[in-house]
């Protein structure tokens, strides 16, 4: 990962499972491109596209509709998508939703139409989603929190 | 093709948190595209929004929006509608008319509604928003209410009920306060192990509907200050009741003592309370005892009850209205609001034979009775004043009112030309409670709970993301304890029918330890689920109480 390449990170300590991120995405694009899972109401996981360095969704696309930009974003040219669902099957993280909107798979673009960054991060009600570079992530020790104070590891 | 965009700012009107809400409207050719914008500089919410606020643009563009008056579900012209409504209202005496309003009105509109009642000499005026949180309008003297900074700086936070579902934005200041110092404490009281349990240092999970009793035990255990405030006689009665409370609530005395000791000793604290539809047996006691706990707890504690809305005129007299309808005194209702009567099937079934004059934004109504339905702008298309937790706020229109709609004041002026405005909605914000009466009611409540049976209890739960059916996948799910599931031979995702005195519905089973034994929990953002819960009229306040339902579970093959 490039040092200045920003990604969507989850601070597990803060996620309350309010699904505001999903609503923000749905409100802007008509369908949510960020997914959500929970473990017995104890821990919540919004699942955002990782914009992989070597994206398997792009490799699986038979029409080269998904491409990696110079800035490291994995973007989809929706107009050319035929809805074959190859990308959905290929994503190792299960981020791409099975349902198609207008016969097109829904792929996160990290809200490239919005200068201030992704809408899911901006709207996150509890401040759990963050849009950071790897360097910034290390500084705020999200990983340490995950194992030390996260509700998942000390639920009753 | 022109391509312009404009940002409009307002205060989100969907709850009391008062978030700044911005809408980016761009014009691409003939198409208007509305997208929510997030202003990171906003003082209250820093651009954050919950699911409801995020979906504000979809409310404006909702395909179900009404664009023409309807008479018995047939479109009719505004001019004919206005004259016929004025004419038809004259057929009734003032005593035969009731006026109802809900929370989708600004304070100025409420003034107009109260003025209409004055002009028509109508005495039956009630709020049709019947959520239990309206009981937070009943207040004890000397309650200290929290400001946002009190929550941010708190060292100990006690949460009663699923506050994060009611107002997700409160999670940020609460969790910031908790994580600021490892000695800070977060305690949680609820009957269902909700989302807050994962964040709390300690969760006290009580038996269904008994939250007020646990609060009474905490008040009794706190001791010295309690005695001074509630008086020697009441204090002795509360102390005497503690062993019974422990038995009824199912929480050990040592756990209650631990929480009481912690919230008493730590300075700077907040008590946050919230109550869901069909979750507690006595919402008035829930409200009163959570406030009393704040009053008796020493070392600078503040109270915050983030109810979705507060009633502008305090007392909700809907029970009196139902009684009048039952006695055949009321024959017509003029309703101003979106959510009634569809939102409360049990209540609206009592009003089947009345003539309805309803103003609303969407075709929500499923009225079989003779009715008028008039389109009005939604709260997002109005200017005016609303209440927030932190004081009053001005809302501005994010979009032009939908074509064909008329404002509530315009409608009222058509009914009564040259109406004289009153400012009745701005007074009587809170209705004061008496501590002696509260303690007496609590002790009586304890006695009634001791006699309760072992029937299955059906609890209501709100979701943080359910609003008018949007993002609501779980309305068909029912939470059931593994022990009950085993007794019924249920596996995950099996079908389970719930039968109560008022309705029955088939759900998909979700087996979880989050609900206690002999209790199931359903989402109450869906009106079908709401119809499972019984309605009672409180004998003291004449308000409507919708408590947890009793019923049976039947496995569906």
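The values are calculated or read from the model by the stated rules, or taken from the named source; none is laboratory data. Everything numeric here is computed off the predicted structure, so don't read it as measured data. Using ideal geometry, Cβ is built from the backbone for each residue, glycine included, and neighbour counts are taken over all protein chains shown.
State all residues of the stretch B:505-529 that are assigned to a loop (DSSP other than H, G, I, E, B) and either in the same structural domain as residue B:194 (by TED's automatic domain parsing) or under 11 Å from residue B:477 (Cβ atoms) (or both); if no residue qualifies, say none. Let's see the steps before the verdict.
So in the stretch B:505-529, the residues assigned to a loop (DSSP other than H, G, I, E, B) come out as B:512-518, B:524-526.
Across the stretch B:505-529, the qualifying residues are B:512, B:526.
For residue B:21, which of the numbered conditions (1) touching a residue at least 40 places away in the same chain (Cβ under 8 Å); (2) within 12 Å of another protein chain (Cβ to nearest Cβ); (3) over 30 Å from residue B:411 (Cβ atoms) fails to hold?
With (1) touching a residue at least 40 places away in the same chain (Cβ under 8 Å); (2) within 12 Å of another protein chain (Cβ to nearest Cβ); (3) over 30 Å from residue B:411 (Cβ atoms) applied to residue B:21, the lone miss is (3).
With the requirement that a residue be closer than 22 Å to residue B:291 by Cβ and part of a loop (DSSP other than H, G, I, E, B), what does the stretch B:178-207 give you?
Scanning the stretch B:178-207 gives B:191, B:194, B:200, B:206.
Would you be able to say whether some residue in the stretch B:130-150 is part of a loop (DSSP other than H, G, I, E, B), closer than 30 Å to residue B:324 by Cβ, at pLDDT below 90 and within 14 Å of the chain's Cα centre (by Cα)?
Yes, the stretch B:130-150 contains a residue that is part of a loop (DSSP other than H, G, I, E, B), closer than 30 Å to residue B:324 by Cβ, at pLDDT below 90 and within 14 Å of the chain's Cα centre (by Cα).
Residue under question is residue B:476, and the condition is that it be away from chain A (no Cβ under 14 Å), farther than 30 Å from residue B:289 by Cα and modelled with pLDDT under 90; does it hold?
yes
Just to check your reading of the model, which residue among B:168, B:173, B:212, B:208 is in contact (Cβ under 8 Å) with a residue 60 or more places away in the chain and over 19 Å from residue B:243 (Cα atoms)?
B:168
Among (1) surrounded by 17 or more Cβ atoms within 10 Å (Cβ to Cβ); (2) over 29 Å from residue B:510 (Cα atoms); (3) within 14 Å of chain A (Cβ to nearest Cβ), which single condition is residue B:230 missing?
(3)
Counting just the residues of the stretch A:107-156 that are part of a helix (DSSP H, G or I) and more than 14 Å from chain B (Cβ to nearest Cβ), which one comes out modelled with the lowest pLDDT?
A:147
I'm checking my understanding of the structure. Among residues of the stretch B:193-216 that are within 13 Å of chain A (Cβ to nearest Cβ) and within 30 Å of residue B:234 (Cα to Cα), which one is surrounded by the fewest Cβ atoms within 10 Å (Cβ to Cβ)?
Only one residue fits best here, namely B:202.
For the stretch B:435-461, enumerate the residues that are at pLDDT 90 or above and touching a strand residue (DSSP E or B) at 6+ places or on another chain (Cβ under 9 Å).
B:456, B:457, B:458, B:459, B:460
Just give me the residues in the stretch B:45-63 being facing chain A (nearest Cβ under 10 Å) and in a loop (DSSP other than H, G, I, E, B), in sequence order.
Answer for the stretch B:45-63, where residues must be facing chain A (nearest Cβ under 10 Å) and in a loop (DSSP other than H, G, I, E, B): B:45, B:46, B:47, B:48, B:49, B:50, B:55.
Taking the stretch B:25-44, which residues are touching a helix residue (DSSP H, G or I) at 6+ places or on another chain (Cβ under 8 Å) and within 11 Å of another protein chain (Cβ to nearest Cβ)? Even if it seems obvious, please write down each step before you answer.
Of the residues in the stretch B:25-44, the ones touching a helix residue (DSSP H, G or I) at 6+ places or on another chain (Cβ under 8 Å) are B:34-36, B:38, B:40, B:44.
Result: B:34, B:35, B:36, B:38, B:40.
Name the residue, out of A:87, A:25, A:15, that is surrounded by 21 or more Cβ atoms within 10 Å (Cβ to Cβ), within 12 Å of chain B (Cβ to nearest Cβ) and farther than 30 Å from residue B:182 by Cα.
A:25
I'd like the residue in the stretch A:96-106 that is surrounded by fewer than 20 Cβ atoms within 10 Å (Cβ to Cβ) and part of a loop (DSSP other than H, G, I, E, B) and, out of all such residues, is nearest to the chain's Cα centre (by Cα). Don't jump to the end; show me each part of the working.
Going through the stretch A:96-106, the residues surrounded by fewer than 20 Cβ atoms within 10 Å (Cβ to Cβ) turn out to be A:97-104.
Still in the running and part of a loop (DSSP other than H, G, I, E, B): A:97-100, A:102-103.
Numbers: A:97: 11, A:98: 15, A:99: 16, A:100: 17, A:102: 21, A:103: 21 Å.
Across the stretch A:96-106, the extreme among qualifying residues is A:97.
Out of the residues in the stretch A:40-73 that are touching a strand residue (DSSP E or B) at 6+ places or on another chain (Cβ under 8 Å) and more than 22 Å from residue A:85 (Cα to Cα), which is surrounded by the most Cβ atoms within 10 Å (Cβ to Cβ)?
Ranking the qualifying residues of the stretch A:40-73, first place goes to A:44.
State whether one or more residues within the stretch B:257-266 are touching a strand residue (DSSP E or B) at 6+ places or on another chain (Cβ under 7 Å), in a loop (DSSP other than H, G, I, E, B), crowded, with 17+ Cβ neighbours inside 10 Å and touching a residue at least 60 places away in the same chain (Cβ under 8 Å).
Yes, because at least one residue in the stretch B:257-266 is touching a strand residue (DSSP E or B) at 6+ places or on another chain (Cβ under 7 Å), in a loop (DSSP other than H, G, I, E, B), crowded, with 17+ Cβ neighbours inside 10 Å and touching a residue at least 60 places away in the same chain (Cβ under 8 Å).
Mind counting the residues in the stretch B:534-557 that are part of a strand (DSSP E or B) and under 22 Å from the mean Cα position of the chain (by Cα)?
From the stretch B:534-557, those part of a strand (DSSP E or B) are B:535-537, B:544-546, B:549-556; that's our starting set.
Those still in the list that are under 22 Å from the mean Cα position of the chain (by Cα) too: B:535-537, B:544-546, B:549-550.
Total meeting the criteria: 8.
Being assigned to a strand (DSSP E or B), in contact with a strand residue (DSSP E or B) (Cβ under 7 Å, 6 or more places away or on another chain) and more than 13 Å from chain A (Cβ to nearest Cβ) narrows it down to one of B:67, B:8, so name that one.
Step by step, each of B:67, B:8 is checked, and only B:8 is assigned to a strand (DSSP E or B), in contact with a strand residue (DSSP E or B) (Cβ under 7 Å, 6 or more places away or on another chain) and more than 13 Å from chain A (Cβ to nearest Cβ).
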